[in-house]
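Down below is the structure, laid out as structure tokens.
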């Protein structure tokens, strides 16, 4: 590929950049130099008569022209894969799928889903970046985003995966030392373990500040696993996902009938994503895993 200057090869270079958002990473994956990737993109833009990439805070984003060019490049990639894997057809599930999701979802839904998929499709690789934020408006380099709350996105497909529930939890040792609240009102006398309020990017996750506005923070973190472990250690009362907290017998749920916040997981995809068999397989795997653990996610029981 390095010695060819045809537009089809330039399209495949653009495809690699679109999946990584960076020239350097795309160059490494293709076995090219950064300058070669830059030259190929420039040649493609000259051939197509417009910009295919634009700079953003996270790297390079596709323009409208770039998205149309990538759609063609993906068709080329699929055709090449068929030629290289005769008899397997266009539905071969292989390659890298890149996704973002929250910490808890990544650990307890995405990870087992991917493990099951890889037993059937050993050529599949999934990269998961854990982050709790709203859906991006531009998602070059990402195939799947899983977010909390219904996303408002343009030029993307949003699919609701299902709900999960959060509740109040405290460790048995904490309650023995500090007393068990006799009423929901008395919860405000205790300290909260939860997200860092000033860094919380998802409005749907502001429930404890809305329900207990007078409750002071004990320990806050951007990572939900820290919330769980800090609550287990007795730092305060945690507002935790039930599917994570219910795994620990040393945690007690407080007022489950009165304090329960049900939130939805949504999945965001580029409009063209499902044409790739690997992405389609991961999407279905995530849906299946959500369904398999629905009771645990919704706080009814722990699915093991």
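Summary table below
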{"quantity": "Qualifying residue in the range 248-261 (condition: at pLDDT 95 or above and closer than 18 Å to residue 110 by Cβ)", "calculated": "no"}
{"quantity": "Matching helices (runs of 4 or more DSSP H) fully within the range 182-266 where at least 3 residues are touching a helix residue (DSSP H, G or I) at 6+ places or on another chain (Cβ under 9 Å) and in contact (Cβ under 8 Å) with a residue 24 or more places away in the chain", "calculated": "224-232, 242-245"}
{"quantity": "Some residue of the range 269-286 being farther than 30 Å from residue 119 by Cα, assigned by TED's automatic domain parsing to the domain that holds residue 152 and either within 19 Å of the chain's Cα centre (by Cα) or modelled with pLDDT of 95 or more (or both)", "calculated": "no"}
{"quantity": "Criterion violated by residue 281 - all others in (1) over 23 Å from residue 159 (Cβ atoms); (2) part of a helix (DSSP H, G or I) satisfied", "calculated": "(1)"}
{"quantity": "Candidates 299, 236 - the one that is crowded, with 19+ Cβ neighbours inside 10 Å and modelled with pLDDT of 95 or more", "calculated": "236"}
{"quantity": "Matching residues, the range 10-58, being touching a strand residue (DSSP E or B) at 6+ places or on another chain (Cβ under 9 Å) and outside any helix (DSSP H, G or I)", "calculated": "21, 22, 52, 53, 54, 55"}
{"quantity": "Filter result (surrounded by 16 or more Cβ atoms within 10 Å (Cβ to Cβ) and either touching a strand residue (DSSP E or B) at 6+ places or on another chain (Cβ under 6 Å) or within 18 Å of residue 243 (Cα to Cα) (or both)) within the range 160-175", "calculated": "161, 162, 164, 165, 166, 167, 168, 169, 170, 171"}
{"quantity": "Residue 255 at positive phi and either buried (at least 18 other Cβ atoms within 10 Å of the Cβ) or assigned by TED's automatic domain parsing to the domain that holds residue 148 (or both)", "calculated": "yes"}
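The values are calculated or read from the model by the stated rules, or taken from the named source; none is laboratory data. The structure displayed is predicted, hence computed values, not measured ones. Here the Cβ is made from the backbone with ideal geometry for all residues, glycine too, and neighbour counts use every protein chain on show.
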